[in-house]
Amino acid sequence: MECIQEVRTFGGTQRVFRHASSSTRCDMEFAVFDPAPESSSLRPTLFYLSGLTCTWANVADKAGAQRYAAEHGIMLVMPDTSPRGLALPGEDDDYDFGSGAGFYINATQAPWSGHYRMFDYVSQELPGIVTTELQGDPKRLGVMGHSMGGHGALICALKNPDVFRSCSAFAPISNPVNCPWGEKAFSNYLGQDRTEWENWDACALVSETNFRGAILVDQGDADTFLEEQLKPEALRAAFGDAGRKLELRIQSGYDHSYFFVASFMDDHIAFHAEALYKD
């Protein structure tokens, strides 16, 4: 693993690493904000999963998350959204599929199945790296995300309650089996069997999960993707039917951009801090 960038910020250090991933079988990059690089103690660690077209740089540059992570003594890990540079047919043709659009699932269909295994990457491989090489605390891990990354955060927590203690999302793709973005990605990555798709949909997973932590979701009501792609009310209904706790906040006037994410980042990191520091 190679450190390719390092800067001082908010009393801590942000570094960018490049490494050969066993999950995606290619080089991957991720950023880490460490609030106390000189300390030898383990840090509570929060993974942030980004949305369509993004890399680690979007949240690192736009969300202001480092300030709040520093205040709470939380390490912030920001991975990429897909494998890169594989020259697979159609990989770079559309913004909502292939590069920058891994959807945090494990593809089963060729040619994607050999590399597009982002679920394994963000829920197993990367936590393993962070907790063995970067002093992340394996008993205090949380996950959050925006849009496609909000979907990723939800399924990572629901499918891995033994890994993640806390979960939150900004404007998640809540019910991907029933929206155009999800249908396009799932049909190509997973094939045409829609029952297989449900293994990667938070609305289906909530009735089966052992995840017992609270989940916070913020959604702007001026988001142009609200009705067609995001479907927060489907998430509310699924959690209600399963008898599981969900705090879904509809924020008046906010859209889908990082102006929205930055506006509520402090709330989300405080939410995770409360869960991660709890005995």
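The values are calculated or read from the model by the stated rules, or taken from the named source; none is laboratory data. All values reported here derive from a predicted model rather than from experimental measurement. Glycine gets a Cβ as well: all are built from the backbone with ideal geometry, and neighbour counts include every protein chain shown.
Inspect segment 115-127 for any residue being surrounded by fewer than 18 Cβ atoms within 10 Å (Cβ to Cβ), touching a strand residue (DSSP E or B) at 6+ places or on another chain (Cβ under 8 Å) and in contact (Cβ under 8 Å) with a residue 60 or more places away in the chain and give the result as yes or no. Within segment 115-127 (the criterion being surrounded by fewer than 18 Cβ atoms within 10 Å (Cβ to Cβ), touching a strand residue (DSSP E or B) at 6+ places or on another chain (Cβ under 8 Å) and in contact (Cβ under 8 Å) with a residue 60 or more places away in the chain), the answer is yes, since at least one residue qualifies. The set of residues in segment 218-276 being more than 19 Å from the chain's Cα centre (by Cα) and at positive phi consists of Gly243, Gly253.
The test for being assigned to a loop (DSSP other than H, G, I, E, B), modelled with pLDDT of 95 or more and surrounded by 17 or more Cβ atoms within 10 Å (Cβ to Cβ) holds for Asp223. Looking at segment 244-251, can you tell me whether even one residue there is free of Cβ contacts under 8 Å to residues at least 12 places away in the same chain and either crowded, with 16+ Cβ neighbours inside 10 Å or assigned to a helix (DSSP H, G or I) (or both)? Among the residues of segment 244-251, not one is free of Cβ contacts under 8 Å to residues at least 12 places away in the same chain and either crowded, with 16+ Cβ neighbours inside 10 Å or assigned to a helix (DSSP H, G or I) (or both), which makes the answer no.
Within segment 64-89, track down each residue that is assigned to a loop (DSSP other than H, G, I, E, B) and in contact (Cβ under 8 Å) with a residue 12 or more places away in the chain.
Result: Gly64, Gly73, Ile74, Asp80, Thr81, Ser82, Pro83, Arg84, Gly85, Leu86, Leu88, Pro89.
Collect the residues in segment 115-166 that are assigned to a strand (DSSP E or B) and under 21 Å from Ala101 (Cα atoms), keeping them in residue-number order. Of everything in segment 115-166, those that are assigned to a strand (DSSP E or B) and under 21 Å from Ala101 (Cα atoms) turn out to be Arg117, Val143, Met144, Gly145, His146.
The lone criterion from (1) in contact (Cβ under 8 Å) with a residue 12 or more places away in the chain; (2) assigned to a strand (DSSP E or B); (3) farther than 28 Å from His115 by Cβ left unmet by Pro37 is number (2). Quick check on my filter: what residues within segment 188-203 are of a type outside the set (D, E, K, R) and either crowded, with 20+ Cβ neighbours inside 10 Å or out of contact with any helix residue (DSSP H, G or I) (no Cβ under 8 Å at 6 or more places or on another chain) (or both)? Of everything in segment 188-203, those that are of a type outside the set (D, E, K, R) and either crowded, with 20+ Cβ neighbours inside 10 Å or out of contact with any helix residue (DSSP H, G or I) (no Cβ under 8 Å at 6 or more places or on another chain) (or both) turn out to be Tyr189, Leu190, Gly191, Gln192, Thr195, Trp197, Trp200, Ala202, Cys203. For segment 173-221, a residue qualifies if it is within 16 Å of Lys231 (Cα to Cα) and free of Cβ contacts under 8 Å to residues at least 40 places away in the same chain, and the qualifying residues are Val177, Glu183, Glu198, Cys203, Ala204, Asp221.
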